Amino acid sequence: MQTNGSDMTVSNLRVNLDRLCWRLDELARIGAIEGGGVCRLALSDEDRRARDLVIQWMHELQLEVTVDQIGNIVGLRKGQEQGRPVMTGSHIDTVATGGCYDGNLGVLAGLEVIATLNDAAITTRRPLAVGVFTNEEGVRFQPDMMGSSVHQGLENLDVALAAADSDGLTLGDELKNIGYSGDIPVGSLSAHCFVELHVEQGPVLETAGIAIGAVESVQGISWTELTISGVANHAGTTPMSHRHDAGLVAAAIAVEVRKIAEDMGGNQVATVGCIELVPNLINVIAREARISVDLRNTDGARLCEAERRLEVFVERISAEEDVEIKARRLARFDPVTFDAALVGRIEKVAGVLDHSIRRMPSGAGHDAQMFAPNCPSAMIFVPSKNGISHNVEEYTSPEEIRAGADILLQVLISQSA
Ligand code: GLV
Ligand code: MN
Ligand code: MN
């Protein structure tokens with residue numbers, strides 16, 4: 001580690017909270033929506049403008065910027081030695097009703113680490129890299145965590161580029177349209193390790209009054225789309241015994257999904273987030289319904305059990321109501337365990353900086369989980385007010401952000417020394 005020779009020791013280095021919060025505010029202006037949140041769907045014009053701004057900041061920080069074939073942006077800071085960089089980062093796409101912190105914090109805290117090292121004229125032994133990964137949210141194109149999974153060789157590039165949104169536009173074409181179809185082959189950068197700072201997006205830390213989560217695992221995720229085909233008919237004239245009601249079947253599946261989670265208990269969660277009816281008119285029995293099912297569990301076998309229970313119910317209700325039901329798998333990720341030594345390092349640094357910390361699993365999917373099979377990976381969580389996320393009211397206070405960003409800084413320094 002080379003320093004500028006000042007008496008400031010590296011372990012006393014701290015981020016500039018005002019600068020980090022300023023960047024968070026500036027980025028949140030792009031795609032701002034009523035209520036203080038952000039709508040910045042992957043590869044939308046808002047995503048392009050946010051990418052442009054982050055790249056401008058990366059250049060101002062003297063990072064070497066590359067864009068790969070799936071649109072991931074990487075800003076690289078040279079080390080004293082060449083070799084695999086210590087990496088951080090996250091995503092800047094949001095759900096349509098997103099907050100200002102989900103993903104954005106991880107990217108901008110990464111830039112703040114770089115800015116802090118630049119200010120102190122410190123060159124780490126290993127290079128450092130900040131990644132901005134394409135389409136983490138997976139609401140416009142499925143699956144989620146797409147850029148990081150392609151980056152880490154867990155998803156095929158051509159399959160990902162062919163993913164289509166609900167208007168039939170493909171991810172590959174939309175990448176070209178916004179000017180982010182890069183020429184760097186995916187997988188050409190492998191990381192020495194990966195550490196991501198993220199908001200918890202749940203109530204655990206706030207409820208326990210704890211400042212930091214050392215994330216030791218991410219639960220498995222299963223996304224399925226079910227398309228139910230019934231028969232449209234008159235709501236007044238069709239006897240109840242003569243109906244093939246796609247809307248009723250969608251509602252029954254939604255209720256069953258809740259029941260599966262309640263029966264199984266433990267860590268099983270289950271959500272029907274989308275229901276679309278066709279023709280969606282008050283006096284017409286729905287001829288078609290499309291619903292999404294999101295099942296998650298920290299235990300892989302239990303997740304398979306939830307999937308099996310859903311399949312059994314879908315078969316039964318399809319026969320009972322005489323409707324056709326087609327299932328399409330949108331995403332499937334096994335649970336992931338993070339690197340014990342890196343999780344321990346996060347705990348140790350939090351202790352030194354006098355922040356309370358607890359180990360915890362992540363309920364949400366994250367880019368870091370895609371790195372876990374290939375290099376030591378872990379995450380730092382900071383609290384979310386009222387446990388709210390994917391909602392314009394998502395909030396983490398500046399002091400909570402400071403704690404997480406300082407820990408990220410010191411963990412990255414320790415890994416790159
Ligand atoms: C991503 O935010 C997910 O966990 O759905
Ligand atoms: Mn996120
Ligand atoms: Mn999210």
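The values are calculated or read from the model by the stated rules, or taken from the named source; none is laboratory data. In this text the structure is predicted, and so the values were computed from the model without any measurement. So basically every Cβ, Gly included, is an ideal-geometry build from the backbone, and we count neighbours across all protein chains shown. When the accessible area is computed, the model is the full protein with side chains, heavy atoms only, and any ligands, DNA or RNA have been set aside. Shrake-Rupley method; radii C 1.70, N 1.55, O 1.52, S 1.80 Å.
Quick look at the numbers
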item	result
Residue in the stretch 88-102 that is among the aromatic types (Phe, Trp, Tyr), assigned by TED's automatic domain parsing to the domain that holds Gly404 and more than 16 Å from ligand 2 (Cβ to nearest atom) present	no
Any hit, the stretch 274-285, residues being among the acidic types (Asp, Glu) and either within 30 Å of Asp165 (Cβ to Cβ) or surrounded by fewer than 15 Cβ atoms within 10 Å (Cβ to Cβ) (or both)	yes
Which listed residue is within 16 Å of ligand 3 (Cβ to nearest atom), in contact (Cβ under 8 Å) with a residue 24 or more places away in the chain and among the acidic types (Asp, Glu), from Glu196, Glu216, Glu206	Glu196
Listing of strands (runs of 3 or more DSSP E) fully contained in the stretch 68-161 that carry 1 or more residues being open to solvent by 10 Å² or more (accessible area, probe 1.4 Å), more than 16 Å from ligand 3 (Cβ to nearest atom) and not hydrophobic (A, V, I, L, M, F, W, C)	73-77
Qualifying positions in the stretch 53-67 - open to solvent by less than 10 Å² (accessible area, probe 1.4 Å) and under 20 Å from the mean Cα position of the chain (by Cα)	Val54
Residue check for Leu226: of a type in the set (A, V, I, L, M, F, W, C), in contact with a Gly (Cβ under 9 Å, 6 or more places away or on another chain) and surrounded by fewer than 24 Cβ atoms within 10 Å (Cβ to Cβ)	no
Residue within the stretch 97-111 that is away from ligand 1 (no atom under 16 Å from the Cβ), of a type in the set (Ser, Thr, Tyr) and either at pLDDT 95 or above or touching a Cys at 6+ places or on another chain (Cβ under 8 Å) (or both) present	no
Some residue of the stretch 42-62 being away from ligand 1 (no atom under 16 Å from the Cβ), out of contact with any Gly (no Cβ under 7 Å at 6 or more places or on another chain) and in a strand (DSSP E or B)	no
Residue ranges of strands (runs of 3 or more DSSP E) in the stretch 296-405 with at least 3 members open to solvent by 50 Å² or more (accessible area, probe 1.4 Å)	324-333, 357-362
Answer from Ser181, Ser190 - the residue that is farther than 24 Å from Val382 by Cα, surrounded by fewer than 18 Cβ atoms within 10 Å (Cβ to Cβ) and assigned by TED's automatic domain parsing to the domain that holds Leu342	Ser190
Positions within the stretch 329-381 being of a type in the set (Gly, Ala, Ser) and closer than 14 Å to Leu197 by Cα, in sequence order	Ala350, Ser362, Ala364, Gly365, Ala368, Ser377, Ala378
Every residue from the stretch 120-146 that is more than 15 Å from ligand 2 (Cβ to nearest atom) and among the aliphatic types (A, V, I, L, M)	Ala120, Ala121, Ile122, Leu128, Ala129, Val130
